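Any read-out appearing in this document is the output of simple, stated calculations on the displayed coordinates, not a laboratory observation. Small disclaimer: the values here were computed from a predicted structure and weren't measured. So basically every Cβ, Gly included, is an ideal-geometry build from the backbone, and we count neighbours across all protein chains shown.
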Number of protein chains: 2
Amino acid sequence: MRHTRRPSRQNDPSGLRRKVLDAAFNLFQARGYNGTSMQELMKATALSGGAMHHHFPSKQSLVLAVFKERVAPAVRETWIEPVRAAASLGAGVQAVFDTIIAGLEERETVSGCPLNNLALELSLADLESRQAAAGIFREWQEALSERVRDTRGGKELTKSARGDIAAFIVSSYSGAMTLAKAEQSAKPLRSAAQTLKRWLQSRELDK
Amino acid sequence: MRHTRRPSRQNDPSGLRRKVLDAAFNLFQARGYNGTSMQELMKATALSGGAMHHHFPSKQSLVLAVFKERVAPAVRETWIEPVRAAASLGAGVQAVFDTIIAGLEERETVSGCPLNNLALELSLADLESRQAAAGIFREWQEALSERVRDTRGGKELTKSARGDIAAFIVSSYSGAMTLAKAEQSAKPLRSAAQTLKRWLQSRELDK
């Protein structure tokens with residue numbers, strides 16, 4: 001049986017939903033999923049328990065929506081689209097690192113990659129969160145893998161070998177961001193960008 | 001002023017302390033720091049609130065002891081000592097990956113690297129935890145950097161360039177472990193081990 005519940009008095013339901021997702025994305029990023037209570041989210045958004053429950057009946061439903069509607073778009077905007085639009089894989093990867101490093105240097109704190117943060121915190125605790133994280137990691141790696149195929153060194157590689165290159169780019173970036181968060185410094189990302197650049201060149205995977 | 005407090009009736013205080021540290025290390029690894037309550041820890045160790053408080057007056061003091069007495073030794077045992085004992089950097093890195101991959105394949109779940117897990121969860125929330133994590137990452141990188149110097153390609157590198165190599169090994173491992181946790185599979189680590197091996201060889205950093 002399906003219930004289609006429509007609250008009779010709600011001015012801007014999709015606006016409220018967006019507001020909750022934005023607040024949850026920011027609070028999860030700053031304090032983690034388990035470090036953020038639904039009470040804090042209600043306070044941050046000035047929503048009643050009933051209104052919150054209407055949009056997100058559980059904290060799990062909220063974090064799944066955050067993965068789908070905030071984390072995945074952030075990975076697309078930060079990584080996938082710039083790499084697709086770049087002249088080459090090498091140029092794309094460098095442009096992404098440059099943008100992220102410039103952003104970190106502008107801000108005071110390094111909050112880390114939202115996908116990595118939530119993936120590490122929730123992969124064991126919640127199957128659906130883990131699957132959501134794994135799906136975004138997959139999409140990210142597939143986009144990189146496609147660009148590997150366009151390079152001199154990449155066009156003769158098997159699909160599996162191209163996937164290894166893509167996974168290595170994602171891994172070295174993710175790990176460098178963890179170091180950057182622990183050191184509260186962009187230095188590990190600058191170092192990783194240089195090393196990745198030279199590695200891609202040496203395997204003719206840069207263009 | 002220093003107080004040396006000795007509880008008059010405690011059968012095995014250092015044994016109890018170890019028991020709490022072991023339980024905390026395991027629960028933090030399975031559920032995260034914020035996902036584990038002091039009540040759960042008391043239950044897991046059958047300790048009273050008073051006994052727990054005697055050893056660890058706060059949850060922060062407990063996690064700092066976990067960093068120092070469990071996470072740092074784990075990184076030394078898993079990474080630093082095998083890399084120091086190996087015939088070469090390349091052999092050491094491969095041996096570490098082989099051991100970790102074999103361990104993951106034996107167990108049912110991929111819990112991830114305890115240092116990365118706690119570092120990502122706590123680096124923004126607690127300055128002392130962040131410093132503890134950063135210190136362990138530093139020790140790990142320094143040990144790798146020393147072995148970089150022993151290689152054909154590494155002996156002419158500057159200290160800073162050797163540090164970049166060490167940071168890249170730590171980053172690519174850490175990120176691959178995050179992918180492994182999200183996928184609940186050892187595959188990203190096998191892939192990273194292969195790619196790292198070939199990269200170290202290409203720069204004559206393997207031996």
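Relative contact order, percent, of chain A when contacts are C-alpha pairs under 8 Å separated by at least 6 residues? Could the numbers behind the result be given before it?
Numbers: 196 pairs, mean separation 46.0, N = 207.
For chain A, the relative contact order is 22 percent.
How well do other chains shield peptide B:181-188, expressed as the mean number of their Cβ atoms within 10 Å of each residue Cβ? Mind dumping the intermediate values first?
Numbers: counts 8, 17, 8, 6, 1, 0, 3, 7.
Whole-number average of other-chain Cβ neighbours for B:181-188 is 6.
Who wins for biggest fluctuation among A:ARG84, A:ARG130, A:ARG107 in a Gaussian network model of chain A, springs between alpha carbons below 10 Å?
A:ARG107
Tell me, what HN-Hα J-couplings in whole Hz come from the Karplus equation 6.51 cos²θ - 1.76 cosθ + 1.60 at θ = phi - 60° for each residue of the stretch A:183-200, using x for Gly and Pro?
After applying 6.51 cos²θ - 1.76 cosθ + 1.60, I find 8, 6, 7, 7, 4, x, 6, 4, 4, 5, 4, 5, 5, 4, 4, 5, 5, 4 Hz.
Relative contact order for the stretch B:137-196 using alpha-carbon pairs under 8 Å, separation at least 6, rounded to a whole percent? Mind dumping the intermediate values first?
Values: 36 pairs, mean separation 15.7, N = 60.
Reported relative contact order: 26 percent.
Please give the charge dipole size of the stretch A:65-202, origin at the Cα centre, charges +1 on K and R Cβ atoms and -1 on D and E Cβ atoms. Round to the nearest 20 debye. Intermediate results must be reported in sequence, preceding the final value.
Values: 18 positive and 17 negative charges, 101 e Å.
That gives the stretch A:65-202 a dipole magnitude of about 480 debye.
From the Cα trace of the protein assembly as shown, what convex hull volume per residue do you get, rounded to a whole Å³?
Details: hull volume 79.6 nm³, N = 414.
So the per-residue hull volume is 192 Å³.
Would you mind listing the distances between the A:SER37 label point and the same position in each other copy? Use 7 Å along Cα-to-C-beta, nm, one decimal, shortest first.
1.1
From the label point of A:GLU81, set 7 Å along Cα to the beta carbon, how far off in nm is each other copy's matching point, shortest first?
Label point to label point, same position, other copies: 5.0 nm.
Is it possible to state the helix-based mean residue ellipticity at 222 nm for the protein assembly as shown, with each DSSP H run of 4+ residues giving -39500 (n - 2.57), the sum divided by total residues, to the nearest 500 deg cm²/dmol? What is it?
Details: 22 runs with 284 residues, N = 414.
After summing the helix terms and dividing by residue count, I get -21500 deg cm²/dmol.
Select from the stretch B:89-145 those GluC sites (Glu not before Pro) which occupy a DSSP coil region and have at most 11 other Cβ atoms within 10 Å, ordered by residue number. Don't skip to the answer; put the middle values down first.
Values: sites: B:GLU105, B:GLU106, B:GLU108, B:GLU121, B:GLU128, B:GLU139, B:GLU142; in loops: B:GLU108.
Here the GluC sites (Glu not before Pro) that fit, given the DSSP loop and packing criteria, are B:GLU108.
How large is the Kirkwood hydrodynamic radius of chain B, counting all unique pairs of alpha carbons, in Å? Let's see the in-between values first.
Details: mean 1/r = 0.0538 Å⁻¹.
Result for chain B stands at 18.6 Å.
Calculate one ³J(HN,Hα) per residue across the stretch B:37-42 by plugging θ = phi - 60° into the Karplus curve 6.51 cos²θ - 1.76 cosθ + 1.60, and present them in order as whole Hz with x for glycine and proline.
9, 4, 4, 4, 5, 5
In the neighborhood of A:GLN201, defined by Cβ-to-Cβ distances under 11 Å, what is the net charge if each Lys or Arg adds +1 and each Asp or Glu adds -1? Walk me through the intermediate numbers first.
Numbers: positive: A:ARG152, A:LYS197, A:ARG198, A:ARG203, A:LYS207; negative: A:GLU204, A:ASP206.
Taking every other residue near A:GLN201 into account, the sum is +3.
Using all Cα-Cα distances in the stretch A:11-57, what percent lands in each 5 angstrom bin from 0 up to the longest?
The calculated distribution, bin by bin, is 5, 24, 34, 24, 10, 2, 0.
Short version: ³J(HN,Hα) in whole Hz for each residue of the stretch A:15-29, in order, from phi by Karplus 6.51 cos²θ - 1.76 cosθ + 1.60 (θ = phi - 60°), x for Gly and Pro, what are they?
Residue by residue, the stretch A:15-29 yields x, 5, 4, 4, 4, 5, 4, 5, 5, 5, 4, 5, 5, 4, 5 Hz.
Counting only other chains, and only Cβ atoms inside 10 Å, what mean value do you get across the residues of B:144-154?
Numbers: counts 0, 0, 0, 0, 0, 0, 0, 0, 0, 0, 0.
Rounded to a whole number, the mean comes out at 0.
Quote the FRET efficiency, to the nearest 0.05, computed for B:ARG84 versus B:ARG152 with a Förster distance R0 of 22 Å and r equal to the Cβ-Cβ distance. The partial results should precede the final answer.
Numbers: r = 19 Å, r/R0 = 0.85.
So the FRET efficiency works out to roughly 0.70.
Once you list every other residue whose beta carbon is under 12 Å from the beta carbon of B:LEU27, what net charge do they have if Lys and Arg are +1 and Asp and Glu are -1?
On the way: positive: B:ARG31, B:LYS43, B:LYS59, B:ARG70; negative: B:ASP22, B:GLU40.
So the environment of B:LEU27 carries a net charge of +2.
What are the label-to-label distances in nm, one decimal and shortest first, from A:LYS207 to the same spot in the other copies, with labels 7 Å along Cα to Cβ?
Those label-point separations list as 3.7 nm.
Distance check, please: which entries in A:LYS43/A:LYS68; A:LYS68/A:LYS159; A:LYS68/A:LYS207; A:LYS19/B:LYS43 exceed 30 angstrom between their Cα atoms? Intermediate values should be presented prior to the final figure.
On the way: A:LYS43/A:LYS68 23 Å; A:LYS68/A:LYS159 27 Å; A:LYS68/A:LYS207 32 Å; A:LYS19/B:LYS43 39 Å.
Result: A:LYS68/A:LYS207; A:LYS19/B:LYS43 exceed 30 Å.
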